[in-house]
Amino acid sequence: MSDHVHDVEKPVDVAPGDEGEGDVRLRLLGYLIGLGLAVLLTATSFFIAGTDLVWQPSIPVAIIVLAIAQMGVHLVFFLHITTGPDNANNVMALAFGLLIVVLVIGGSLWIMANLNHNMMPMDQLMQMQR
Amino acid sequence: MSTAATMPAHADPHHVGGMRAATEHEGPAPKRIVTGYGFWIFLLSDIVMFSCFFASYAVLVNETAGGPSGAQLFDLRSVAIETACLLLSSFTCGLATISADIRRQARFQAAMATTCVLGLAFLALEGREFADFVARGAGPTRSAFLSAFFTLVGCHGLHVSAGILWLLTMMAQVYAKGFRADIQRRLLCFALFWHALDIIWVAVFSVVYLLGSGV
């Protein structure tokens, strides 16, 4: 892609999901590691959801943390999103997407909880409308 | 060219170094990067759309209107099998990507067929679950919670269905046309789509099923 004579480095950008040309066995190993980690995290999630071995109020937090960790594993081992300079554009787009996701989910929950808290109970509201 | 020759490429990979970019840019990026990046933007917007469904589900999860709650409805054994199907299909999709890169037709078709079967198994289990809910009087019209549930999980199911149609199309195209550059670009996009669906399913089974069923 580059016409620089002395440019022996990799191309300046990489398409998202592209791993580059590598040894097939190494690439297979990458997918196997990703599958192993994902299975481990999923199994932990399902185990924690049904167990009474851990302090109960910690369970929702643990499940959320495990889910975020597993999404990270999928991004790195299956989608090959890395922190390298050739991936900067892909990571920037991902970061913007995550910003919107956090704003939408966090903002909705915050606003709706606030409205819920400040709203008069429904039976009293009905009384007032009569 | 002289500046580039004296300067290693990794020092300024995006040519942010001011004037140099304007005077000796190599031109547009290769088609594979443009296509992949564009599809990546689409996937992120798809994830933003899913985040809206997740937000509405999280807001409405307790509004059962006297109907059944998630803890009474969900069957975690079935969800675990669905999760296993989708996770394994993500792995076999990776195998298909490797086979396509080394241009092995038979291995590619086998990996894609396995992915397809696992995806269909996922859809069958999800369809059975939905039919079971509706038969028990817990259809999408029963409560705000169930409306949000069917919208979120059903939308993911629709994406998987579309993915399977795309998968079969890619098998046919590779069979008929071989591993041409344009076909390889479509395969790149398909693999991105399939892996992204699995990421969304991780959020679905954690937030909807695991958080909803127990605690």
For chain A, the longest principal axis of the Cα atoms and the Cα long axis of helix A:88-118 enclose an angle in degrees, to the nearest 10, of 0 degrees
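Using a 10 Å Cβ count of at most 14 others and DSSP loop calls, identify the longest part of chain B lacking such trypsin sites (Lys or Arg not before Pro). Could the numbers behind the result be given before it?
Details: sites that count: B:Arg103, B:Arg136, B:Arg180.
Longest site-free region, per DSSP loop and neighbour criteria: B:1-102.
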Farthest towards the positive end of the dipole of the protein assembly as shown, among A:Pro85, B:Trp201, B:Gly163 and with Cβ unit charges of +1 on Lys and Arg and -1 on Asp and Glu, lies the Cα of B:Gly163
Between B:Ser45 and A:Val54, Cβ-based FRET efficiency (R0 35 Å, step 0.05) works out to 0.40
To the nearest 20 debye, the protein assembly as shown has a Cα-centred charge dipole, built from +1 on Lys and Arg Cβ and -1 on Asp and Glu Cβ, of 720 debye
Measuring from its Cα centre, chain B shows a charge dipole (+1 at each Lys and Arg Cβ, -1 at each Asp and Glu Cβ) which, in debye to the nearest 20, is 620 debye
A correct Karplus calculation of ³J(HN,Hα) over the stretch B:60-70, with 6.51 cos²θ - 1.76 cosθ + 1.60, θ = phi - 60°, whole Hz and x for Gly and Pro, returns 9, 4, 9, 8, 8, 6, x, x, x, 9, x
Out of A:Pro57, A:Pro16, A:Pro85, a Gaussian network model of chain A with alpha-carbon springs under 10 Å gives the largest mean-square fluctuation to A:Pro57
If one compares the long axis through the Cα atoms of helix B:76-101 with the longest principal axis of the Cα atoms of chain B, the angle in degrees, nearest 10, works out at 20 degrees
Assertion target for A:Ile105, B:Ile102, ordered by fewest C-beta neighbours within 10 angstrom first, is B:Ile102, A:Ile105
Neighbour-count ranking for B:Tyr37, B:Tyr209 (other C-beta within 10 angstrom, fewest to most) reads B:Tyr37, B:Tyr209
Around B:Ala172 (Cβ within 15 Å, Cβ-to-Cβ, excluding B:Ala172; K/R +1, D/E -1) the net charge comes to +2
Here, B:Gln72 and B:Val134, labelled 7 Å along Cα→Cβ, have an inter-label distance in nm of 2.1 nm
Helix-only [θ] at 222 nm, chain B, -39500 (n - 2.57) per DSSP H run of 4+, per residue, nearest 500, equals -25500 deg cm²/dmol
So, with points 7 Å from each Cα along the Cβ direction, the A:Leu109-A:Thr82 label distance in nm works out to 3.4 nm
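In a shell of Cβ-Cβ distance under 12 Å around B:Ile81, excluding B:Ile81 itself, what net charge do Lys and Arg (+1) and Asp and Glu (-1) give? Please list the in-between numbers first.
Details: positive: B:Arg77, B:Arg128; negative: B:Asp75, B:Glu82, B:Glu126, B:Glu129.
Neighbour charge sum, excluding B:Ile81 itself: -2.
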Measuring from its Cα centre, the stretch A:1-120 shows a charge dipole (+1 at each Lys and Arg Cβ, -1 at each Asp and Glu Cβ) which, in debye to the nearest 20, is 600 debye
Scoring chain B by relative contact order with C-alpha pairs under 8 Å, at least six apart, yields a percentage of 30 percent
Quick shape check on chain A: root eigenvalues a ≥ b ≥ c of the Cα gyration tensor, a/c under 1.5 is rounded, otherwise prolate if a/b tops b/c, else oblate, and it reads oblate
Per the charge dipole of the protein assembly as shown (beta-carbon charges, Lys/Arg positive, Asp/Glu negative, Cα centre), the residue among A:Leu103, B:Thr64, B:Phe42 reaching farthest to the positive end is B:Thr64
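Efficiency by 1/(1 + (r/R0)^6): what FRET value for A:Asn118 and B:Ala181, r their Cβ-Cβ distance, R0 = 56 Å, to the nearest 0.05?
Working: r = 59 Å, r/R0 = 1.05.
Computed FRET efficiency for A:Asn118 and B:Ala181: 0.40.
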Measuring from the longest principal axis of the C-alpha atoms of chain A, the long axis of helix A:24-50 (C-alpha) lies at a number of degrees, nearest 10, equal to 20 degrees
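Values in this text are rule-based calculations from the coordinates and carry no lab data. Predicted model only: the values in this text are computed from it and were never measured. Here Cβ is always computed from backbone atoms with ideal geometry, including for glycine, and neighbour counts include all displayed protein chains.
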